[in-house]
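S.K.: Encoded as structure tokens, here's the structure I'll be asking about.
The values are calculated or read from the model by the stated rules, or taken from the named source; none is laboratory data. Keep in mind it's a predicted model, so treat the numbers as computed, not measured. Glycine also receives a Cβ, built like all others from the backbone with ideal geometry; neighbour counts cover every protein chain displayed.
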């Protein structure tokens, strides 16, 4: 049968099947290599971890839904749906190590209908852990409702499916629009300003809580009602209201919120469609909007950076790394996530939550979280270089110097991040005590060198090409991600022990030894690993060049 | 013959059971413009990768400028320039930032790197979009930038893997001018290319690799003389009627010509 003989619908189906087949062949072929098999094992392990979280959450959420309905507190269903909603939307942004968007722009060279393109983009993006876990939670809630009120089960299923659809479409819509906004400097700056205004707005939460926390219970209840009223027109509130209306036998009260919920879905779908249609039509945004100027002889001389006492090649790599980072909107976005998380935790109230109860933990926890976010950078050093990695092998520079330049850049970024977290802690909570600050810094000096050393080795053993400028395509290999969690788990445990010991023995000499001796040990480990880098890089050059040079 | 700039002894590279390059013995003299030819998959890129330290040989020896590559890798790399397959550019730098970076990696001081960057950008006519990222350059611009990066430190030997692939006539002219200037200054150029007309015009010496083996090596005249006798027996070769053989004809005679002649595709008629 020739292509002409195919109807549009069957051709579309055939294309979707071909893309699914392509992904399957890519997967099967990846198993030919040892690395591919290790990657599969990591994927299975991580999937099991997410499955456990999903099933555990589903049981908890289901039990809560069942209990709330039996107790007659159906208005509290929203309190169950909000965490699901926030997890679904925030997890892909805050845990980019587990989130990956497949490269689908290559598909545009085929005679793909827009409908097929749209479906492929939607399907690819939807197959992520957030959807799977949150989907299980919704299933738990649905079953909980069904057990408590079997007659409501069909309607609750329809509403929760619609809620799931809204979440999927919203997450995809946010991704494609963020990608578009972060692709150009001007929109990125506007987004940055909006983000900082958003962070600053959290400053209002403290005074607001201070105003209400000493008020009487009726006043607090009034405030609670206001919050409840404010969340009602939003998707979780609407889904909860649609179910609650049916449970309370008020059909009118359930249809209107359901229609509004579906309207949200339609609006998000329209916005997603708007952007994808532009991409389908060839719209592409990049940093290069530099103005064309006439050639004017020799260009202006701009010498590279200079760091006193640091060898030229190390500075050159350092400069290159920071330039790359500054041009990668998605990576910059990832780096401000710790502040975002501090603000989110702050919004839970002055006297609630772990950080509010133990404010001294805020700074060390924030610093630890910042380190986790550097996984894609420090455990996949060469990922963003892609084919450029060949140059490192062709150049007369020892790999240890290249790696040192990269480590220096990542350590600088991390130091800046820690400084921001410290400032955020001071602004949103309270300044950490001097001893906590010193202990955290000592912990950092212990953790970071070993972490960088481990990252260097994994970068050479298990490289993975990433697209620095595209949202959701900055992920290291899952094996690396998993290994990084193991390394960091151990390091954080030792760091916590150091903190505890320094607090338990209030002798300044003991404290000094406990805090700073491990740091000395860590630097020795780093130096030892660095000395091995040249040999390992040469042994793995083919793997590095072929893995990083190819586009998938 | 002077002590060769590039020499290999029984250079071999295997990928599992596949022998990509087998017992290759190359000799490239100082100041030669050497064209390394071969059909697709013959082993050209594998050879150039081994010569530039991007790939380890399975066996055999490589000497560049009299230095053993295995034991003097950094010293050799300091004196050679490379435009590898795929160009090895850093897409998210501007052209000027990239050249500055490369210059400093080759040990140039900041001011010298900046000065040469400016000169190279002007020579390669890459100055009209100073803020554009390399990733947004056209293919030809990227090729020019890759060549500029390969020469910024003034190498004695230049290895170029398909430098003219996808390059327009204007850019190709610029590249050729630069390469001829380097030869005039005593440098050695080793290039692979599928564009045989360009190789014939530029190269003084040629090596032909076929199925991993070096099947011919020498000046174009030497190769012509080598296949001349066979050409006389073939009716389609103009050499049989006293005309001079082109490099393309020498190449086809050496590697056995097209294997798909006479075959047809069922749906194209």
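S.K.: Tell me, which helices (runs of 4 or more DSSP H) wholly within the range A:374-433 include 2 or more residues that are within 14 Å of another protein chain (Cβ to nearest Cβ)?
M.R.: Details: elements: A:375-378, A:389-394, A:399-428.
The helices (runs of 4 or more DSSP H) meeting that bar are A:389-394, A:399-428.
S.K.: Tell me, please, whether a residue that is part of a loop (DSSP other than H, G, I, E, B) and either in contact with a helix residue (DSSP H, G or I) (Cβ under 9 Å, 6 or more places away or on another chain) or away from every other protein chain (no Cβ under 14 Å) (or both) can be found in the range A:436-449.
M.R.: Residues of the range A:436-449 part of a loop (DSSP other than H, G, I, E, B): none.
No: the range A:436-449 contains no residue that is part of a loop (DSSP other than H, G, I, E, B) and either in contact with a helix residue (DSSP H, G or I) (Cβ under 9 Å, 6 or more places away or on another chain) or away from every other protein chain (no Cβ under 14 Å) (or both).
Every residue, every condition in (1) more than 24 Å from residue A:309 (Cα to Cα); (2) in contact (Cβ under 8 Å) with a residue 60 or more places away in the chain, yes or no:
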position	(1), (2)
A:375	yes, yes
A:399	no, yes
A:414	no, no
A:419	yes, no
A:422	yes, no
A:432	yes, yes
A:436	yes, yes
A:454	yes, yes
A:459	yes, yes
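S.K.: Checking residue B:9 against (1) under 24 Å from residue B:205 (Cα atoms); (2) surrounded by 16 or more Cβ atoms within 10 Å (Cβ to Cβ): exactly one of these is not met. Which one?
M.R.: Failed condition: (2).
S.K.: Before we move on, is residue A:501 farther than 28 Å from residue A:34 by Cα, modelled with pLDDT under 80, part of a helix (DSSP H, G or I) and touching a helix residue (DSSP H, G or I) at 6+ places or on another chain (Cβ under 8 Å)? Step through it out loud before you land on a result.
M.R.: On the way: farther than 28 Å from residue A:34 by Cα: yes; modelled with pLDDT under 80: yes; part of a helix (DSSP H, G or I): yes; touching a helix residue (DSSP H, G or I) at 6+ places or on another chain (Cβ under 8 Å): yes.
Judged against the criteria, residue A:501 is a match.
S.K.: Test of understanding: among B:241, B:258, which residue is modelled with pLDDT under 65 and closer than 16 Å to residue B:194 by Cα?
M.R.: Only one candidate qualifies: B:258.
S.K.: Inspect the range B:111-131 for any residue being buried (at least 22 other Cβ atoms within 10 Å of the Cβ), under 27 Å from residue B:213 (Cβ atoms) and modelled with pLDDT of 90 or more and give the result as yes or no.
M.R.: no
S.K.: Right, another one. For residue B:148, all conditions in the list (1) under 17 Å from the mean Cα position of the chain (by Cα); (2) surrounded by fewer than 23 Cβ atoms within 10 Å (Cβ to Cβ); (3) more than 8 Å from chain A (Cβ to nearest Cβ) hold save one; what is the number of the exception?
M.R.: (2)
To keep it simple, each residue is scored yes or no on (1) over 20 Å from residue A:130 (Cβ atoms); (2) touching a residue at least 12 places away in the same chain (Cβ under 8 Å); (3) not in a helix (DSSP H, G or I).
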position: A:24; (1), (2), (3): yes, no, no
position: A:28; (1), (2), (3): yes, no, no
position: A:48; (1), (2), (3): no, no, no
position: A:56; (1), (2), (3): no, no, no
position: A:68; (1), (2), (3): yes, yes, no
position: A:77; (1), (2), (3): yes, yes, no
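S.K.: Further question: From B:166, B:66, which residue is surrounded by fewer than 18 Cβ atoms within 10 Å (Cβ to Cβ), under 28 Å from residue B:207 (Cβ atoms), at pLDDT below 90 and more than 8 Å from every other protein chain (Cβ to nearest Cβ)?
M.R.: Working: B:66 fails: at pLDDT below 90.
Selected residue: B:166, the only one of B:166, B:66 that is surrounded by fewer than 18 Cβ atoms within 10 Å (Cβ to Cβ), under 28 Å from residue B:207 (Cβ atoms), at pLDDT below 90 and more than 8 Å from every other protein chain (Cβ to nearest Cβ).
S.K.: A further question follows. For residue B:141, work out the one condition from (1) more than 19 Å from residue B:180 (Cβ to Cβ); (2) more than 9 Å from chain A (Cβ to nearest Cβ); (3) touching a helix residue (DSSP H, G or I) at 6+ places or on another chain (Cβ under 7 Å) it doesn't fulfil.
M.R.: If we test residue B:141 against (1) more than 19 Å from residue B:180 (Cβ to Cβ); (2) more than 9 Å from chain A (Cβ to nearest Cβ); (3) touching a helix residue (DSSP H, G or I) at 6+ places or on another chain (Cβ under 7 Å), just (3) comes out false.
S.K.: Okay, next question. Does residue B:31 count as assigned to a loop (DSSP other than H, G, I, E, B), touching a helix residue (DSSP H, G or I) at 6+ places or on another chain (Cβ under 9 Å), more than 14 Å from chain A (Cβ to nearest Cβ) and at pLDDT below 95?
M.R.: Details: assigned to a loop (DSSP other than H, G, I, E, B): yes; touching a helix residue (DSSP H, G or I) at 6+ places or on another chain (Cβ under 9 Å): yes; more than 14 Å from chain A (Cβ to nearest Cβ): yes; at pLDDT below 95: yes.
Criteria met by residue B:31.
S.K.: May I pose another question? Would you check if residue B:50 is crowded, with 18+ Cβ neighbours inside 10 Å, out of contact with any helix residue (DSSP H, G or I) (no Cβ under 7 Å at 6 or more places or on another chain) and in contact (Cβ under 8 Å) with a residue 24 or more places away in the chain?
M.R.: Working: crowded, with 18+ Cβ neighbours inside 10 Å: yes; out of contact with any helix residue (DSSP H, G or I) (no Cβ under 7 Å at 6 or more places or on another chain): yes; in contact (Cβ under 8 Å) with a residue 24 or more places away in the chain: yes.
So residue B:50 fits the description; yes.
S.K.: Only one residue in B:120, B:65, B:126 is within 14 Å of residue A:396 (Cβ to Cβ) and in contact with a helix residue (DSSP H, G or I) (Cβ under 7 Å, 6 or more places away or on another chain). Which one? Before the answer, list the steps.
M.R.: Values: B:120 fails: within 14 Å of residue A:396 (Cβ to Cβ); B:126 fails: within 14 Å of residue A:396 (Cβ to Cβ).
Of the residues listed, the single one that is within 14 Å of residue A:396 (Cβ to Cβ) and in contact with a helix residue (DSSP H, G or I) (Cβ under 7 Å, 6 or more places away or on another chain) is B:65.
S.K.: With the condition kept exactly as written, say whether any residue in the range B:75-86 is more than 8 Å from chain A (Cβ to nearest Cβ), in contact with a helix residue (DSSP H, G or I) (Cβ under 9 Å, 6 or more places away or on another chain) and farther than 25 Å from residue B:140 by Cα.
M.R.: no
S.K.: For the range B:183-205, which residues satisfy the criterion of being over 23 Å from residue B:87 (Cα atoms) and surrounded by 15 or more Cβ atoms within 10 Å (Cβ to Cβ)?
M.R.: Taking the range B:183-205 first, the residues over 23 Å from residue B:87 (Cα atoms) are B:184-186, B:200-201, B:204-205.
B:200, B:204, B:205, listed by residue number.
S.K.: Restricting attention to the range A:294-306, does a residue exist that is closer than 25 Å to residue A:328 by Cβ, at the interface with another protein chain (Cβ under 8 Å from one of its Cβ atoms), assigned to a helix (DSSP H, G or I) and at pLDDT 80 or above?
M.R.: no
S.K.: Of the numbered conditions (1) in contact (Cβ under 8 Å) with a residue 60 or more places away in the chain; (2) buried (at least 17 other Cβ atoms within 10 Å of the Cβ); (3) more than 12 Å from chain A (Cβ to nearest Cβ), residue B:161 satisfies every one except a single condition; which is it?
M.R.: (3)
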